[in-house]
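The values are calculated or read from the model by the stated rules, or taken from the named source; none is laboratory data. It should be emphasised that the depicted structure is a prediction, and the values quoted were computed from it without experimental measurement. A quick note on method: Cβ atoms are made from the backbone with ideal geometry, for glycine too, and the neighbour counts reach across all protein chains shown. Ligands, DNA and RNA are stripped out before the accessible areas are found, and what is left, the full protein with its side chains, is counted by its heavy atoms. Shrake-Rupley method; radii C 1.70, N 1.55, O 1.52, S 1.80 Å.
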2 protein chains.
Amino acid sequence: MSRRSISTMADVARACGVSIQTVSAVVNDRPGISDETRLRVRAAMSELDYQPNQQARTLRGYKNPMVGVIIPSITNPYFPELVRGIEDVARRSGHGLFLCNDDYDDAKAREYFSFIRANNASGLIASPGLVARSVDGEIERQIHAFARRNVPVVFFGEQRPELPVTSIVVDAREATLDAARHLLELGHRRIGMIAPPVGLHVARERVRDVTEAFAALGHPLDSELIVAGGFDIEAGRSGAAVFMALPQMPTAILASNDLAAMGAIAALQEGGLLVPRDVSVLGFDDIPFAKVFQPSITTVAQPIYELGEAAMTAILDPAVGDPTDMPGRSIWLKAELVVRQSTGPCRERPATKRKTARSQNAPREERHDHEDHET
Amino acid sequence: MSRRSISTMADVARACGVSIQTVSAVVNDRPGISDETRLRVRAAMSELDYQPNQQARTLRGYKNPMVGVIIPSITNPYFPELVRGIEDVARRSGHGLFLCNDDYDDAKAREYFSFIRANNASGLIASPGLVARSVDGEIERQIHAFARRNVPVVFFGEQRPELPVTSIVVDAREATLDAARHLLELGHRRIGMIAPPVGLHVARERVRDVTEAFAALGHPLDSELIVAGGFDIEAGRSGAAVFMALPQMPTAILASNDLAAMGAIAALQEGGLLVPRDVSVLGFDDIPFAKVFQPSITTVAQPIYELGEAAMTAILDPAVGDPTDMPGRSIWLKAELVVRQSTGPCRERPATKRKTARSQNAPREERHDHEDHET
DNA sequence: AACGTTCATGTTAAGGTTCACATGAACGTT
DNA sequence: AACGTTCATGTGAACCTTAACATGAACGTT
């Protein structure tokens, strides 16, 4: 009844008096069909609202033109930007996206892995830190299952040379060094850090980059001033609260990412401190909002959109799915420091909570950053 | 070769010495299988990394447990929040999301409609304004095609009683009236509006709500002060620029949405004006960032997450897909005014561009708004 | 010994599309 | 008249899962 009402190739064939094979040939633009027949078939197709059945096609042996994307949090603007990069490339090759949000939750991620595999996706792009989080090797098994089918798998962030995956990695060491130098040149010495969530690969890497940078410049970070945190606004708020409760506040704060930086700035201003007058705050990632936030945020910028593009491009690269390509490749992109308004010169002994002018009139930004990737 | 390496029911059956039917029964939790066999089959399944082939299942007659979602812009934080609401409900019923981003582009939307239909999705949730934009009736045809298959279609924003769709609609009239009253009570009389993009249903509705509200309160808007705009940060920036170029600036600005409000505030502050001291700015939607932005944004809040939940719940409602339910139903939710820091008392003749204190220490917010919907 | 129940098997078919291959008609060229 | 080319048809099978139905073995109960 309900199924009856959907039209199939057979219906189209009957409607215009040709064979099913002919319809198939027209649908797939195969040669050997006269223009006249081709037009007749096309007319019947649109007449009947015919839509090739993707299930039947995929079953027959084609790949499902669909790529699974697992991200940890869709409300963190980092990921929409990433997805946009992925999608813009995917659309050009006729691929759809199967988007999954695991909320940093392993159980959900596993579920989505199965789901994507069950749907015979042509590729899988997975969120940073996912493999690292996997304790029981389940994710690794899933990855091998994908590889066995020649389905390419791309990860962000972590290199896993022993797995048949391609990694898209950001090298933030130089940019982090620039950031450290920037703060030191502004005169900051008591520098706090709101750490990323524990357990994530990016997290360890970010903390490592920062501590190495300050150590290299001869001003190692005071480990007392590294507070536990997370990747959201709330983490920034509570981190800032911790610092404000100290007898001597840091004069500059490195937030785990831009969201945390925003949370920290909000909390500081609510506490009567001005950024950057009283405290400088530096973020990571350069999400689209970092630029409009007041004050705009100085940040170690990732080429987020390009990361997405690179991931999807890797999926389309025939070499990627080939399991003989076993040892995982890595594609490197570089982070860059973008100096904006949230960092400024150190004023040792921050003034008492008197509120005076902020001097943030002209937009100042020291790098032309890449935010114009419309297709 | 590559296909050979994927395991099927037959492989599982062979591996544990039962018939294919038995494996099928185990997979689908059908009765009539002894516990002992059940366990043996399950063991073989995980041994072989077996994954039921969703294509074959769907082809056999089941629905694909997947819902297509078409949104106009994933980088507008409104939509990730909406998607989160959709996804949280979808996951509970074992549905995946097929997320598509049409960038307000009809051609892309149509493409995605076909894609979703070709994949036999169990439902379609489509972006606001989509039907209204369709000029050639193509979208309408697609909708009927979905209905013919009993696939439920849900729209945001616009009611189309003649189409077999369910609409999720926000009634913002009361809240907009509250907003107008709020601005008038603060003493504002010269009020500007940065309009939403033309052609969108929500856009017309929003402009209508605003003009009706001010008219009802006896202070009709000056149509000279309604400038063309859009739904992004840039629209806010350029709108503010237009107002700043006027001999007499408005003392309050209604932005098309929160993004535009942020852009406007950024442009105003760069131009040396303080918000809300010199100009009040009011947004729409209450995206998650409206709360952390500095100053936090007074806005006509939509229950975004709940809209997503309602949409997916409607998809799961068996009545929705039933074409006998032809005349489209509507589900109404209400908007609410949230007063934050970006609006303040009018100071006729905004001061010259001297910058003095801002008084934004304590967070003030007059409604407890709904931002805690974690599952 | 007869009976009913439980568990598993085997057979056959269907779902929509694609592919390989053999067949054949229509046409123009030699 | 023979030949090659182009376009279309027909047959049969494959992809994997599910369903309906008949069959049958093992078991315990009467």
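Worth a mention:
- Among the residues making up segment A:3-18, those that are within 9 Å of DNA strand D (Cβ to nearest atom) and surrounded by 12 or more Cβ atoms within 10 Å (Cβ to Cβ) are A:Ala13, A:Cys16, A:Val18.
- Out of A:Arg92, A:Arg110, A:Arg57, sole residue that is away from DNA strand D (no atom under 15 Å from the Cβ), at pLDDT 90 or above and over 18 Å from the mean Cα position of the chain (by Cα): A:Arg92
- Pair list, Cβ < 9 Å and 6+ apart or interchain, from segment B:44-61 residues that are among the charged types (D, E, K, R) to residues that are in a helix (DSSP H, G or I) and open to solvent by 30 Å² or more (accessible area, probe 1.4 Å): B:Glu47/B:Ala15; B:Asp49/A:Arg141; B:Asp49/A:His144; B:Asp49/A:Arg148
- Every pair of residues 6+ apart whose Cβ atoms lie under 7 Å, when the first sits in segment B:237-255 and is open to solvent by 50 Å² or more (accessible area, probe 1.4 Å) while the second is in a strand (DSSP E or B): B:Val242/B:Val227
- Hey, B:Ala126 more than 10 Å from chain A (Cβ to nearest Cβ), open to solvent by 10 Å² or more (accessible area, probe 1.4 Å) and among the small types (Gly, Ala, Ser) or not: no
- Tally of residues being at the interface with chain B (Cβ under 8 Å from one of its Cβ atoms) and of a type in the set (Phe, Trp, Tyr) across segment A:90-122: 3
- The set of residues in segment A:22-37 being within 10 Å of DNA strand D (Cβ to nearest atom) and modelled with pLDDT of 90 or more consists of A:Thr22, A:Val23, A:Ser24, A:Ala25, A:Val26.
- Any hit, segment B:197-213, residues being assigned to a loop (DSSP other than H, G, I, E, B) and buried (at least 21 other Cβ atoms within 10 Å of the Cβ): yes
- Restricting segment B:27-56 to residues that are of a type in the set (Asp, Glu) and open to solvent by 60 Å² or more (accessible area, probe 1.4 Å), the residue that is farthest from the other protein chains (Cβ to nearest Cβ): B:Glu36
- Odd one out for B:Val165, checked against (1) in contact with a Phe, Trp or Tyr (Cβ under 7 Å, 6 or more places away or on another chain); (2) surrounded by fewer than 24 Cβ atoms within 10 Å (Cβ to Cβ); (3) under 27 Å from A:Ile6 (Cα atoms): (2)
- Odd one out for A:Leu59 among (1) more than 8 Å from chain B (Cβ to nearest Cβ); (2) open to solvent by 40 Å² or more (accessible area, probe 1.4 Å); (3) touching a helix residue (DSSP H, G or I) at 6+ places or on another chain (Cβ under 6 Å): (1)
- One residue alone among B:Glu140, B:Glu87 is buried (at least 24 other Cβ atoms within 10 Å of the Cβ), touching a residue at least 12 places away in the same chain (Cβ under 8 Å), within 14 Å of chain A (Cβ to nearest Cβ) and charged (D, E, K, R), and that residue is B:Glu87.
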